[in-house]
Amino acid sequence: MSHPEAKARLVIAIDGPAAAGKGTLARRLAQHFGLPHLDTGLLYRAVARRMLDRGEEPADGRAAERAARLLDPAEVGRGDLRTPEVDRAASIVAAEPAVRAALRSFQREFALARGAVVDGRDIGTVIFPDAPVKLFVTASAAVRAERRWRELADRGIAVEPAAVAVEIAERDAQDRHRPVGPLIEAAEAVRIDTTDLDPEAAFAAALEAVQARIGASA
Ligand code: C5P
């Protein structure tokens with residue numbers, strides 16, 4: 001890469017719907033560029049988990065804001081954040097503007113020191129609107145549902161494939177239509193459709209996009 005000082009603060013913003021392959025791609029890009037990785041979905045999941053543990057209603061905006069303000073970053077390392085129950089609750093708490101506001105500075109500060117690969121829904125549009133590289137990772141609804149179903153099955157969580165498809169569609173609709181921080185494709189984002197790509201091919205496409213944006217020697 002041609003600008004070493006820019007590399008110190010390189011931010012790669014990755015957005016897209018659920019189960020499109022953002023996480024796998026983000027981890028690989030982070031490893032390739034020696035950058036920290038932040039999966040921002042885990043922040044919303046940890047807020048939701050904290051509320052469920054306390055018997056609070058995820059749609060209770062005030063309780064959700066409190067949970068977000070009290071969030072201990074160590075909670076994002078919990079092993080019980082990827083259950084169907086948390087999937088639903090996270091999408092509900094994420095629609096609360098005060099929750100999004102409470103998590104904003106954590107996300108920005110994470111990338112301040114060394115740059116970062118950050119994935120989520122509003123990373124290129126709200127959190128890092130000036131990120132030099134923005135990717136929008138997507139895939140067909142059928143393929144995303146199938147991937148999520150497999151992921152759950154691999155972890156021993158048995159659910160009907162049709163139920164996973166409905167759940168993903170509902171969560172996407174909620175993420176796309178909320179008034180604050182909705183999932184939208186930034187105009188300058190490079191779109192990577194992983195419907196017919198394996199993780200290797202998706203990484204190759206992403207690397208090409210990143211190099212085109214920051215310089216071929218990266
Ligand atoms: O990416 P993941 O599926 O783990 O995210 C869980 C939920 O958190 C999403 O359905 C979405 O509602 C919310 N989220 C968000 N903004 C982000 C990341 C996740 O609203 N930047």
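The values are calculated or read from the model by the stated rules, or taken from the named source; none is laboratory data. Because the structure is predicted, anything quoted here is derived from the model rather than measured. Here Cβ is always computed from backbone atoms with ideal geometry, including for glycine, and neighbour counts include all displayed protein chains. Accessible surface areas use protein heavy atoms only, side chains included; no ligands, DNA or RNA. Shrake-Rupley method; radii C 1.70, N 1.55, O 1.52, S 1.80 Å.
Calculate the FRET efficiency for Ala113 and Arg176 from the Cβ-Cβ distance with a Förster distance of 30 Å, rounded to the nearest 0.05.
That gives a FRET efficiency of 0.40.
Please work out how much length the chain gains when fully extended from Leu207 to Ala162, using 0.36 nm per residue of separation minus the C-alpha to C-alpha distance, in nm with one decimal.
Taking 0.36 nm per residue and subtracting the Cα distance, the gain is 12.8 nm.
When only alpha-carbon atoms count, how far does the chain stretch along each of its three principal axes, as whole angstroms with the largest first?
52, 36, 30
Once amide H atoms are built 1.01 Å from N in the peptide plane, which residues 5 or more positions from Ile12, or in another chain, come under 5 Å H to H?
Amide H neighbours of Ile12: Ala116, Val117, Val118.
At 7 Å along Cα-to-Cβ for each site, give me the label-to-label distance between Ala187 and Glu85 in nm.
Using points 7 Å along Cα→Cβ, the separation is 4.5 nm.
Using amide H atoms built in the peptide plane, which far-off residues or other-chain residues are under 5 Å from Asp193 H to H?
Distant-sequence amide H within range of Asp193: Thr138.
Only bridges whose two residues both fall in segment 4-213 count here: according to DSSP, what percent of them are antiparallel, nearest 5?
Close to 0 percent.
If the only charges are +1 at each Lys and Arg Cβ and -1 at each Asp and Glu Cβ, what is the size of the charge dipole of segment 4-213 around the Cα centre, to the nearest 20 debye?
Magnitude of the dipole: close to 520 debye.
Run lengths n ≥ 4 of DSSP H only: what is the helix-derived mean residue ellipticity at 222 nm for the chain, with -39500 (n - 2.57) per run over all residues, to the nearest 500?
Helix contribution divided over all residues of the chain: -16000 deg cm²/dmol.
Distance from the Cα centre of segment 175-210 to that of segment 80-148, in angstrom?
Here the two parts' Cα centres lie 12 Å apart.
With the other protein chains left in place, how much accessible area per residue, in square angstrom, belongs to the chain at a 1.4 angstrom probe?
So the chain comes to 47 Å² accessible per residue, rounded to a whole number.
Starting from the residue with the highest accessible area, list Ile184, Ile214, Ile123 in decreasing order, probe 1.4 Å.
Ranking Ile184, Ile214, Ile123 by accessible area, largest first, yields Ile184, Ile214, Ile123.
Using +1 at the Cβ of each Lys and Arg and -1 at the Cβ of each Asp and Glu in the chain, identify which of Gly79, Leu152, Thr138 lies farthest towards the dipole's positive end.
Of Gly79, Leu152, Thr138, it is Gly79.
Counting only C-alpha contacts under 8 Å and six or more residues apart, can you give the relative contact order of the chain as a whole percent?
34
Leaving out ligands, DNA and RNA, what percent of the accessible area of the chain is carbon and sulfur, probe 1.4 Å?
Answer for the chain is 54 percent, counting heavy atoms of protein chains only.
Can you tell which of Arg54, Arg144, Arg178 shows the greatest fluctuation in a Gaussian network model of the chain with Cα springs below 10 Å?
Arg54
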